[in-house]
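These notes concern the structure reproduced below.
The values are calculated or read from the model by the stated rules, or taken from the named source; none is laboratory data. All values derive from a computational prediction rather than experimental measurement. Here Cβ is always computed from backbone atoms with ideal geometry, including for glycine, and neighbour counts include all displayed protein chains.
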Amino acid sequence: MAEFDFDAVVVGAGAVGLACGYALSKRGLAVAVLEQEAAIGQGVSSRNSEVIHGGLYYPTGSLKARLCVAGRRALYPFLEAHHVDFDRCGKLVVATTVDEVGRLDAILEQALTNGVDGIAPLSKAEALALEPELKCEGALISPQSGVFDSHGYMLALQGEIEAGGGAVVLSTPFEGAAPLAGGGFSVRAGGEAPTGLTCRYLVTAPGLSAQAVAARIEGFPKATIPKGHYGKGMYFRLAGKAPFSRLIYPPPIHGALGTHYRRDLGGQAVFGPDLTYVDALDYSVDPAAAPAFAAYIRKFWPGLPDGALSPDYAGIRPKLHGPDEPQPDFRLDGKDAHGLESLVALFGIESPGLTSSLAIGEEVASRLGL
């Protein structure tokens, strides 16, 4: 069998790429994770809600449903074992009007189908007993939902890869790859010290640049690369005391979960994200959006003081659907999709990708036959 520089190369050192590297490293493989930025987790992974999702909403049998539930079940023990901060605070999905109560029934049915642990309906009185400042007509409680230190999580994954003899190589953009005659790939990496290396397995998990990376792999059929869209979400921070201890979510909107509330690990209240489609990576937060945010928030928290919101940050989600298109599943494309042996290419890993990441890594390893 041919000698390779590494058993596996993973493109992208965000949460999902690192989780893939960790899953392969656990199987005794020597892994190199290539990252174009100067630090891990600088893309989608550093600009999200840091929420641990229960897996309530996703269609029956979808990868999102299965991997979110499995990923969440694996995530808490991993965080505990690696001393990464988290708060299993629970989440309320709230109906702010009588008309929305029926939507909660549908979400509950889907959550039970998906095997979500502990999900239960609450009456208006029960919800208000938990969160007195809330305005709602009913709610669902997801006790396994929470928030966590996503960067601490990624550092723990990096540590596991390196402890297994692997490497996370920063400031090293992926330039291209080509299949080798005897199996495996030759990989070209750039940066200040361009290099070539060989590997038996190749995994691409670069988030927002998934399409561009796939297009730089020789023999990857262009027709199988899904069109990508940038879904921008802004966040606003509250000045003053956090009003709720649990996550508060309205029923989901088309293409996203809607603007929600969380109390971060520092005890501050953050609202977001909204959803707008953009053509470029624009991380600005428009202060003029504050009144619209406030109006939305007051549906479930009428006590929001005037002028209490300040622009915080924005993220971009790698979506596979446009504004008026149905939301597709995760894409973990193996040989059956693109025809190339020993390659898994990930597309559209947006929410709940962070929660699902450990399970995505296991699924990728499985699809590589490991």
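Is it the case, given these coordinates, that residue 237 is over 19 Å from residue 347 (Cβ atoms), in contact with a Cys (Cβ under 8 Å, 6 or more places away or on another chain), among the charged types (D, E, K, R) and not assigned by TED's automatic domain parsing to the domain that holds residue 136? Considered against the rule, which asks whether it is over 19 Å from residue 347 (Cβ atoms), in contact with a Cys (Cβ under 8 Å, 6 or more places away or on another chain), among the charged types (D, E, K, R) and not assigned by TED's automatic domain parsing to the domain that holds residue 136, residue 237 comes out as no. How many residues are modelled with pLDDT of 95 or more, assigned to a strand (DSSP E or B) and either outside the structural domain of residue 31 (by TED's automatic domain parsing) or not aliphatic (A, V, I, L, M) (or both) if we restrict to segment 165-205? Here the count works out to 13. Counting only residues that are under 29 Å from residue 43 (Cβ atoms) and touching a Pro at 6+ places or on another chain (Cβ under 7 Å), segment 291-321 holds 4 of them. Take the conditions (1) in contact with a strand residue (DSSP E or B) (Cβ under 7 Å, 6 or more places away or on another chain); (2) of a type outside the set (Ser, Thr, Tyr); (3) assigned to a strand (DSSP E or B); (4) within 19 Å of residue 228 (Cβ to Cβ); residue 311 misses just one of them, which is (4). Does residue 265 satisfy being closer than 21 Å to residue 45 by Cβ, of a type in the set (A, V, I, L, M) and at pLDDT 95 or above? When the stated conditions are applied, residue 265 passes them. The set of residues in segment 258-284 that are over 17 Å from residue 240 (Cα atoms) and either surrounded by fewer than 19 Cβ atoms within 10 Å (Cβ to Cβ) or more than 21 Å from the chain's Cα centre (by Cα) (or both) comprises 258, 276, 277, 278, 279, 280, 281, 282, 283, 284.
Considering the conditions (1) modelled with pLDDT under 95; (2) outside the structural domain of residue 167 (by TED's automatic domain parsing); (3) under 29 Å from residue 342 (Cβ atoms), residue 43 is excluded by exactly one of them, (2). Every listed requirement among (1) in a loop (DSSP other than H, G, I, E, B); (2) outside the structural domain of residue 269 (by TED's automatic domain parsing) is met by residue 346 save one, (1). Looking for something modelled with pLDDT of 95 or more, exposed (fewer than 14 other Cβ atoms within 10 Å of the Cβ) and on the phi > 0 side of the Ramachandran plot - is there at least one such residue anywhere in segment 207-222? Yes, there is a match, as at least one residue in segment 207-222 is modelled with pLDDT of 95 or more, exposed (fewer than 14 other Cβ atoms within 10 Å of the Cβ) and on the phi > 0 side of the Ramachandran plot. The residues listed here are 125, 95; of these, the one that is surrounded by fewer than 18 Cβ atoms within 10 Å (Cβ to Cβ) and small (Gly, Ala, Ser) is 125. The residues of segment 321-332 that are touching a Phe, Trp or Tyr at 6+ places or on another chain (Cβ under 7 Å) and either not assigned by TED's automatic domain parsing to the domain that holds residue 279 or not in a loop (DSSP other than H, G, I, E, B) (or both) amount to a single one, 331. Restricting attention to segment 322-362, the residues that are over 22 Å from residue 235 (Cβ atoms) and either within 13 Å of the chain's Cα centre (by Cα) or of a type outside the set (A, V, I, L, M, F, W, C) (or both) add up to 23. For residues that are more than 16 Å from residue 8 (Cα to Cα) and among the hydrophobic types (A, V, I, L, M, F, W, C), scanning just segment 158-189, find the one that is surrounded by the fewest Cβ atoms within 10 Å (Cβ to Cβ). So, considering only residues that are more than 16 Å from residue 8 (Cα to Cα) and among the hydrophobic types (A, V, I, L, M, F, W, C), the one surrounded by the fewest Cβ atoms within 10 Å (Cβ to Cβ) is 181.
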